[in-house]
Amino acid sequence: MEFTTKRGRRVVVTGCGAVSALGNDWPTALKSLKAKKNFVRYMHDWDEKYPLMNTRLAVPVDFEIDREKYPRKSIRGMGRVAQMALVATDNALADSGMLGNEEITQGRTGIAYGSSIGSVDSLMEMYSMLVTNDTSKVGSTTYIKAMPQTCACNLEVYYHLTGRIITTNTACTSGSISIGYAYETIRAGLQDMMIAGGAEEFCTMDTATFDTLFSTSTKNDTPELTPSAYDVHRDGLVLGEGAGTLILEDYEHAVKRGAKIYAEIVGFGTTTDGTHITSPNRPTIARALQLALDDAGLDGSEIGYINTHGTGTTAGDVTETGATYDVFKRAVPCSTVKNYIGHTLGACGAIESWLTIEMMREGWFMPNLNLKEIDPACAPLDYIMGDGRKINTDYVMNNNFAFGGINTSLIFKRV
């Protein structure tokens with residue numbers, strides 16, 4: 001049996017976990033997707049708190065960590081974002097059969113994990129001392145909760161990992177670039193297993209950032225109709241929160257221990273724009289997709305579905321679809337998760353990769369919710385609509401792009 005390729009070792013996904021508005025497991029998420037309803041809420045308290053902000057929409061997750069399962073002593077350095085990452089990772093490790101296995105502590109298991117920032121409450125506690133000259137709110141764990149690498153470091157300590165650590169705080173590609181870097185690490189033989197993913201806790205500060213750029217949806221009276229990526233009447237994004245974790249493993253290692261294999265990662269491409277900090281760049285996005293195809297040794301005709309970034313912004317949708325068409329030169333089937341649960345920033349690449357893998361295994365792919373009239377400025381892709389679509393394919397792609405001009409593309413193969 002051949003366990004390596006000309007490029008190195010084969011890398012497979014053996015566990016999945018999530019904290020998501022869609023649900024934390026695939027049966028629940030599938031039911032949510034097939035219900036064809038989003039989870040966007042009108043945030044009534046913003047009317048009084050933030051009257052100058054244009055949007056009133058968000059997708060918070062009903063999340064509260066189980067204090068019996070996770071005693072305070074074990075999570076005292078974790079804010080909400082790290083706690084969501086912990087629950088997603090615990091579920092993923094349990095799913096892989098490696099939860100509690102001492103092997104992951106022995107140096108051949110590493111972690112690649114990221115978020116846009118740390119927990120905002122702790123950041124506020126630190127910053128407040130500069131305004132009030134009062135340090136009473138700054139405690140021994142304040143910085144640990146607030147630091148950008150809080151998810152990766154807290155998980156590494158919680159599970160007693162002693163392998164490599166990669167912290168990916170690259171905004172909206174934090175989750176996907178973690179998966180890509182973890183894949184490359186195992187492929188090169190540097191680790192046998194990697195915990196990979198991303199998380200983000202909801203913060204109004206993030207919404208305000210996009211609001212000042214006029215990128216948020218203001219369909220405040222009809223939250224069920226937005227976001228509506230690729231629709232001619234779309235008006236922007238809605239922010240959400242969550243976490244996603246994949247357990248990546250050397251194929252031979254997985255086979256030897258009898259692990260369940262969800263998919264094989266066969267391609268990863270990443271580029272930077274080098275042009276603008278917030279405006280997407282069509283040629284470099286296209287190059288990231290092509291690099292993933294080249295890495296996988298595939299022709300574009302072999303990709304049966306693309307989970308697009310699909311933010312619902314004018315520039316984002318037009319640029320992304322144009323770059324995709326530049327590479328594929330055909331109407332490839334595609335849809336976006338963000339029309340259901342909003343933009344989960346650092347978590348989106350991991351959550352969307354998980355869902356892409358599961359839809360490939362299911363043989364059913366979600367429709368573009370709220371897409372009624374395709375914007376003619378978007379490239380002529382095959383935007384899945386209606387009740388979704390049954391597609392029998394061996395290869396799927398997940399694409400994500402971030403502020404800073406960071407582009408990622410991942411290709412998964414059915415096993």
Is there a residue being touching a helix residue (DSSP H, G or I) at 6+ places or on another chain (Cβ under 6 Å), surrounded by fewer than 22 Cβ atoms within 10 Å (Cβ to Cβ) and in a strand (DSSP E or B) anywhere in the range 339-358? no
Could you tell me which residue of the range 274-302 is most open to solvent (accessible area, probe 1.4 Å), considering only residues that are in contact (Cβ under 8 Å) with a residue 60 or more places away in the chain and of a type in the set (Ser, Thr, Tyr)? Thr275
Go through Thr271, Thr321 for me and flag whichever is within 21 Å of the chain's Cα centre (by Cα), β-branched (Val, Ile, Thr) and surrounded by 24 or more Cβ atoms within 10 Å (Cβ to Cβ). Thr321
Considering each of Ala254, Ala229 in turn, give the residue that is more than 14 Å from Gly312 (Cα to Cα) and either of a type in the set (Gly, Ala, Ser) or at pLDDT 95 or above (or both). Ala254
Please work out if Thr207 is more than 27 Å from Val327 (Cβ to Cβ), buried (at least 22 other Cβ atoms within 10 Å of the Cβ) and of a type in the set (Ser, Thr, Tyr). yes
Looking at Ala146, Ala171, Ala112 in this structure, which one is in contact with a helix residue (DSSP H, G or I) (Cβ under 8 Å, 6 or more places away or on another chain) and on the phi > 0 side of the Ramachandran plot? Ala171
Please enumerate the residues belonging to the range 171-204 that are open to solvent by less than 30 Å² (accessible area, probe 1.4 Å) and aromatic (Phe, Trp, Tyr). Tyr183
Suppose we filter the range 362-397 for residues that are within 30 Å of Val12 (Cβ to Cβ), in a loop (DSSP other than H, G, I, E, B) and not hydroxyl-bearing (Ser, Thr, Tyr); how many remain? 10
Select, from Gly79, Gly114, the only residue that is in contact (Cβ under 8 Å) with a residue 12 or more places away in the chain, in contact with an Asp or Glu (Cβ under 7 Å, 6 or more places away or on another chain), surrounded by 13 or more Cβ atoms within 10 Å (Cβ to Cβ) and within 28 Å of Thr141 (Cβ to Cβ). Gly79
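Tell me, yes or no, whether the range 31-40 has at least one residue that is modelled with pLDDT under 95 and either of a type in the set (Gly, Ala, Ser) or closer than 30 Å to Gly386 by Cβ (or both).
no
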Kindly provide the set of residues from the range 212-229 that are open to solvent by less than 50 Å² (accessible area, probe 1.4 Å) and under 19 Å from Leu345 (Cα atoms), ordered by number. Ser215, Thr216, Ser217, Thr226, Pro227, Ser228, Ala229
Show the residue pairs meeting these rules: Cβ distance below 6 Å; 6+ apart or different chains; first residue within the range 44-71 and more than 15 Å from Asp211 (Cβ to Cβ); second residue among the hydrophobic types (A, V, I, L, M, F, W, C) and open to solvent by 60 Å² or more (accessible area, probe 1.4 Å). Val59/Phe39
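The values are calculated or read from the model by the stated rules, or taken from the named source; none is laboratory data. Predicted model, so just to flag it, every value in this text is computed and none were measured. Cβ: placed from backbone, ideal geometry, glycine included. Neighbour counts: every protein chain shown. Surface areas here come from the heavy atoms of the whole protein model, side chains and all, with no ligands, DNA or RNA. Shrake-Rupley method; radii C 1.70, N 1.55, O 1.52, S 1.80 Å.
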